[in-house]
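Student: One structure coming up, written as structure tokens, with questions to follow.
The values are calculated or read from the model by the stated rules, or taken from the named source; none is laboratory data. These numbers come from a predicted model, not from an experiment. Positions of Cβ are backbone-derived with ideal geometry, glycine not excepted, and every protein chain shown enters the neighbour counts. For accessibility, only protein heavy atoms count, side chains too; no ligands or nucleic acids. Shrake-Rupley method; radii C 1.70, N 1.55, O 1.52, S 1.80 Å.
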Amino acid sequence: MNIIEAKGLTKKFQNYTAVDHLNISVPAGKLTAYLGTNGAGKSTTIAMLIGTLTPTEGEIYFKGQPLEKVPRKDKKIGVVFQNSILDKELTVWQNLKIRAQLNKNYQKEKLETLMKQTGVYEFAKKSYGKLSGGMRRKVDITRALLNEPEILFLDEPTTGIDIQSRQEIWQLLHQLKEEKHLAIFLTTHYLEEAENADNLYILRKGKLIESGSAQSLKEKYDVPTLRLITSEEIHDSRAHKEEGNEYHFICQNEKEALSIVNQYQEITLYFSFLPTDLNEVFLKLTKEEDTL
Ligand SMILES: Nc1ncnc2c1ncn2[C@@H]1O[C@H](COP(=O)(O)OP(=O)(O)OP(=O)(O)O)[C@@H](O)[C@H]1O
């Protein structure tokens, strides 16, 4: 079941089209990654999907109902913003309790259970402002879960956070997805992270240029490339010249790559022949579009 579905979603700022006729679905219990170069329209899309920005055109459905018709109490949406909205002077516990108490059915035990689940209970007495970036982000996620959302939006949740904490955040997101059957929609600049997503959307200048699982995109754009760095310039019509004496050859298989390496072995300083990673798919896609 799709928690959120958008059809023909469009946002224009005066004459500028920031988001251009997007069709997006975010299924329950799945992690959807939204990738795009700077200014591609990611934050604008999120703002429309959570209902804080009115689309110029298109429809958004929350569990099949038009988003604008869903009563506030039924709109089970959690949002982790790029910049935290919590108070640096207060402790983790105080911050979360104040927000949990906005709900009429506040129960201390319920809040404690949630905090234990997300792993923030152990530093509940620390001031929010004194926490590491990774710990803060976990508290932000806990805050976004207070209203028991069915979908969680995160705008670049791991930007500026060290690698170990990034992994912890991903672990937490996967755990939430499994245990709570939560739909997760996040934007990231770290392409290697998107490999963990069930579904990817790649956005460029407001338009979707690809979507699918990381695996399906890799297969579709699999262009095994032989990279060769030589001690002198070569002239070979099969090669694409990069910086310096680096040459890229598209090869069908290892045999073909090997024959090229053999041909240039006397002057080869370095070579590699690797399968495509997501970074390459992304670069290829955004580059191709640039040349259109
Ligand atoms: N309120 C606004 N008025 C005018 N233009 C806007 C407004 N908000 C966003 N834009 C423009 O729309 C485009 C998309 O912006 P958006 O913030 O959605 O991109 P993004 O993909 O989130 O970028 P980043 O990765 O840098 O955060 C940008 O060119 C931006 O300048």
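Student: Out of curiosity, is SER127 surrounded by 14 or more Cβ atoms within 10 Å (Cβ to Cβ), touching a Lys or Arg at 6+ places or on another chain (Cβ under 9 Å) and under 20 Å from TRP170 (Cα atoms)? Explain how you work it out, then say what you get.
Tutor: Values: surrounded by 14 or more Cβ atoms within 10 Å (Cβ to Cβ): yes; touching a Lys or Arg at 6+ places or on another chain (Cβ under 9 Å): yes; under 20 Å from TRP170 (Cα atoms): no.
In short, no.
Student: Still on this structure: Assuming PHE282 fulfils every condition listed in (1) within 29 Å of ASN38 (Cα to Cα); (2) out of contact with any helix residue (DSSP H, G or I) (no Cβ under 6 Å at 6 or more places or on another chain); (3) of a type in the set (Phe, Trp, Tyr) apart from one, which condition is it?
Tutor: (2)
Student: Give the range 228-259 a look and list any residue that's among the polar types (S, T, N, Q) and either out of contact with any helix residue (DSSP H, G or I) (no Cβ under 7 Å at 6 or more places or on another chain) or loosely packed, with under 15 Cβ neighbours inside 10 Å (or both), or say none. Before you say what the answer is, go through the steps one by one.
Tutor: Of all residues in the range 228-259, those among the polar types (S, T, N, Q) come to 230-231, 237, 245, 252-253, 259.
Across the range 228-259, the qualifying residues are SER231, SER237, ASN245, GLN252, ASN253, SER259.
Student: Going residue by residue through the range 17-28, is there one that turns out to be within 16 Å of the ligand (Cβ to nearest atom), outside any strand (DSSP E or B) and either modelled with pLDDT under 95 or among the acidic types (Asp, Glu) (or both)? Walk me through it before giving the result.
Tutor: Restricting attention to the range 17-28, the residues satisfying the condition of being within 16 Å of the ligand (Cβ to nearest atom) are 17-22, 24.
Those left that are additionally outside any strand (DSSP E or B): none.
No.
Student: If you scan the range 183-196, which residues turn out to be hydrophobic (A, V, I, L, M, F, W, C) and open to solvent by less than 10 Å² (accessible area, probe 1.4 Å)? I'd like the intermediate steps shown before the answer.
Tutor: Residues of the range 183-196 hydrophobic (A, V, I, L, M, F, W, C): 183-186, 191, 194.
Across the range 183-196, the qualifying residues are ALA183, ILE184, PHE185, LEU186, ALA194.
Student: Collect the residues in the range 33-57 that are part of a strand (DSSP E or B) and either open to solvent by 10 Å² or more (accessible area, probe 1.4 Å) or more than 9 Å from the ligand (Cβ to nearest atom) (or both), keeping them in residue-number order. Spell out how you get there, then give the answer.
Tutor: Looking only at the range 33-57, we keep the residues that are part of a strand (DSSP E or B), and these are 33-36, 57.
If the condition is that a residue be part of a strand (DSSP E or B) and either open to solvent by 10 Å² or more (accessible area, probe 1.4 Å) or more than 9 Å from the ligand (Cβ to nearest atom) (or both), then ALA33, LEU35, GLU57 are the ones that fit.
Student: Looking at GLU5, is it over 29 Å from HIS174 (Cα atoms), in contact (Cβ under 8 Å) with a residue 12 or more places away in the chain and more than 13 Å from the ligand (Cβ to nearest atom)?
Tutor: Details: over 29 Å from HIS174 (Cα atoms): no; in contact (Cβ under 8 Å) with a residue 12 or more places away in the chain: yes; more than 13 Å from the ligand (Cβ to nearest atom): yes.
Spelling it out, it is not the case that GLU5 is over 29 Å from HIS174 (Cα atoms), in contact (Cβ under 8 Å) with a residue 12 or more places away in the chain and more than 13 Å from the ligand (Cβ to nearest atom).
Student: In the range 260-279, which residues are surrounded by 15 or more Cβ atoms within 10 Å (Cβ to Cβ) and touching a helix residue (DSSP H, G or I) at 6+ places or on another chain (Cβ under 7 Å)?
Tutor: THR268, PHE271, PHE273, THR276, LEU278
Student: Closer than 27 Å to PHE62 by Cα and surrounded by fewer than 16 Cβ atoms within 10 Å (Cβ to Cβ) - does that describe any residue in the range 87-101? Before you say what the answer is, go through the steps one by one.
Tutor: Of the range 87-101, the ones closer than 27 Å to PHE62 by Cα are 96, 99-101.
Among the residues that remain, those that are also surrounded by fewer than 16 Cβ atoms within 10 Å (Cβ to Cβ) are: 101.
Yes, some residue in the range 87-101 is closer than 27 Å to PHE62 by Cα and surrounded by fewer than 16 Cβ atoms within 10 Å (Cβ to Cβ).
Student: Considering (1) open to solvent by 40 Å² or more (accessible area, probe 1.4 Å); (2) away from the ligand (no atom under 16 Å from the Cβ); (3) at positive phi, say which one HIS174 fails and leave the rest.
Tutor: Only one criterion in (1) open to solvent by 40 Å² or more (accessible area, probe 1.4 Å); (2) away from the ligand (no atom under 16 Å from the Cβ); (3) at positive phi is unmet by HIS174, namely (3).
Student: Applying the selection to the range 213-243, what residues are of a type in the set (Gly, Ala, Ser), within 21 Å of LEU274 (Cβ to Cβ) and modelled with pLDDT of 90 or more?
Tutor: Filtering the range 213-243 for residues of a type in the set (Gly, Ala, Ser) gives 213-214, 216, 231, 237, 239.
Among the residues that remain, those that are also within 21 Å of LEU274 (Cβ to Cβ) are: 213-214, 216, 239.
Across the range 213-243, the qualifying residue is only ALA239.
Student: Can you tell which of LEU191, LEU203 is within 16 Å of the ligand (Cβ to nearest atom), at pLDDT 90 or above and in contact with a Leu (Cβ under 9 Å, 6 or more places away or on another chain)?
Tutor: None of the other options fit; the residue is LEU203.
Student: Please verify whether LYS75 is out of contact with any Gly (no Cβ under 9 Å at 6 or more places or on another chain) and either assigned by the TED database to the domain that holds SER127 or crowded, with 18+ Cβ neighbours inside 10 Å (or both), treating the condition exactly as stated.
Tutor: Values: out of contact with any Gly (no Cβ under 9 Å at 6 or more places or on another chain): no; either assigned by the TED database to the domain that holds SER127 or crowded, with 18+ Cβ neighbours inside 10 Å (or both): yes.
In short, no.
Student: If you don't mind, there's one more thing I want to ask. What's the number of the condition GLU68 fails, among (1) within 16 Å of the ligand (Cβ to nearest atom); (2) assigned to a helix (DSSP H, G or I)?
Tutor: Going through (1) within 16 Å of the ligand (Cβ to nearest atom); (2) assigned to a helix (DSSP H, G or I) one by one, GLU68 breaks only (1).
Student: May I ask you to say which residue of SER132, SER231 is over 16 Å from the mean Cα position of the chain (by Cα), among the polar types (S, T, N, Q) and outside the structural domain of SER25 (by the TED database)?
Tutor: SER231
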